[in-house]
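Undergrad: This is the structure I want to talk about, given as structure tokens.
The values are calculated or read from the model by the stated rules, or taken from the named source; none is laboratory data. Computed from a predicted model, the values in this text were never measured in an experiment. Cβ placement follows ideal geometry from the backbone for every residue including glycine, while neighbour counts extend to all protein chains displayed. Calculation scope for accessible area: heavy atoms of the full protein, side chains included, ligands and nucleic acids excluded. Shrake-Rupley method; radii C 1.70, N 1.55, O 1.52, S 1.80 Å.
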Amino acid sequence: MKFLLTSAGVTNKSIENALVEMLDKPIADSTALCIPTAMYGHPWVGPGIKTWEFISGNSENPMVGLGWKSVGVLELTALPSIDQDRWVPLIRETDVLLVAGGDSLYLSHWMRQSGLAELLPLLHAVYVGMSAGSMVMAPRIGEDFIGWTPPDGSDEAMKMVDFAIFPHLENEELPENTMANAEKWAAGIQGPAYAIDDQTAIKVIDGAVEVISEGRWKLFSP
């Protein structure tokens, strides 16, 4: 897969251009599936109106409302209860997965439970994550971001990229998300880690990492 890991969605022209380049065709010609699952695990964003806003493209974070040819919903918590032949062909055919923010470990748990985790490495779609939807691709999220606790109590995530992500750097609504706190968080990751603000995304293709930014970011190396 190709990964576009954002803090707050497709918030500027640089990130949008990177997305179109990864799709290799216009957004208007591309099909999308949105995955709201992470939102249900976080008390600030779901369930309720914010989940509807994301799915309907009315969110303040530009992802679903970018003008896709079509948009469907893939709710991971429902997948274990239905036959795979009802959803696997759908996900194999889509051009892009739009993965909402919320709780990273809740999302990681349901990626595994649903069977999506096994499929992701085999897909040709572009994976676009926002906040927790980006963090979940890392080896770990770090203790600072543990909210919903998985059965094993671990902060391990999907391990599909080799770095961790600290999103929403210096966001005014999240005063604890300072560069100083990001540095403390990174010290506990024991691996490469990026702090990115809401105008920044990380593009990963075949393991090659490129930062796309009109804002501020920092790489912490162990």
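Undergrad: I need a count of the residues in segment 194-206 that are without any contact (Cβ under 8 Å) to a residue 60 or more places away in the chain and touching a Gly at 6+ places or on another chain (Cβ under 8 Å).
TA: Qualifying residue count for the region: 0.
Undergrad: May I ask you to list the residues in segment 97-119 that are charged (D, E, K, R) and either surrounded by 18 or more Cβ atoms within 10 Å (Cβ to Cβ) or over 27 Å from Ile27 (Cα atoms) (or both)?
TA: Asp103, Arg112
Undergrad: Look through Ile91, Ile49 and report the one residue that is open to solvent by 60 Å² or more (accessible area, probe 1.4 Å) and of a type in the set (Val, Ile, Thr).
TA: That would be Ile49, the only listed residue that is open to solvent by 60 Å² or more (accessible area, probe 1.4 Å) and of a type in the set (Val, Ile, Thr).
Undergrad: Can I ask one more? When you look at Gly129, is it among the small types (Gly, Ala, Ser), farther than 16 Å from Lys218 by Cα and modelled with pLDDT of 95 or more, yes or no?
TA: Yes.
Undergrad: State yes or no: is Asn177 more than 17 Å from the chain's Cα centre (by Cα) and open to solvent by less than 40 Å² (accessible area, probe 1.4 Å)?
TA: Yes: the conditions hold for Asn177.
Undergrad: Just the residues that are open to solvent by 40 Å² or more (accessible area, probe 1.4 Å) and not charged (D, E, K, R), please, taken from segment 189-210.
TA: Gln190, Pro192, Gln199, Ile205, Gly207, Ala208, Val209
Undergrad: Report every pair of residues separated by at least 6 positions or lying on different chains whose Cβ atoms are under 9 Å apart, first residue within segment 207-222 and of a type in the set (A, V, I, L, M, F, W, C), second open to solvent by 70 Å² or more (accessible area, probe 1.4 Å).
TA: Once the first residue is of a type in the set (A, V, I, L, M, F, W, C) and sits in segment 207-222, its partners that are open to solvent by 70 Å² or more (accessible area, probe 1.4 Å) give Val209/Asp162; Val211/Trp217; Val211/Leu219; Ile212/Asn17; Phe220/Glu183; Phe220/Ala187.
Undergrad: Give the residue that is most open to solvent (accessible area, probe 1.4 Å), with candidates limited to residues of segment 71-88 that are part of a loop (DSSP other than H, G, I, E, B) and farther than 14 Å from Pro36 by Cα.
TA: Asp83
Undergrad: To continue, here is another question. Is it the case that some residue within segment 99-109 is within 20 Å of Ala32 (Cβ to Cβ) and among the aromatic types (Phe, Trp, Tyr)?
TA: Checked segment 99-109: no residue is within 20 Å of Ala32 (Cβ to Cβ) and among the aromatic types (Phe, Trp, Tyr).
Undergrad: If I ask for residues that are buried (at least 16 other Cβ atoms within 10 Å of the Cβ) and at positive phi, which ones from segment 2-31 would you list?
TA: Listed by number, the list holds a single entry, Gly9.
Undergrad: For segment 159-174, give me the residue count where each residue is of a type in the set (A, V, I, L, M, F, W, C), modelled with pLDDT under 95 and in contact with a Ser or Thr (Cβ under 7 Å, 6 or more places away or on another chain).
TA: Counting residues in segment 159-174 that are of a type in the set (A, V, I, L, M, F, W, C), modelled with pLDDT under 95 and in contact with a Ser or Thr (Cβ under 7 Å, 6 or more places away or on another chain) gives 0.
Undergrad: Is it true that some residue in segment 59-70 is free of Cβ contacts under 8 Å to residues at least 60 places away in the same chain, open to solvent by 40 Å² or more (accessible area, probe 1.4 Å) and in a helix (DSSP H, G or I)?
TA: Yes: one or more hits.
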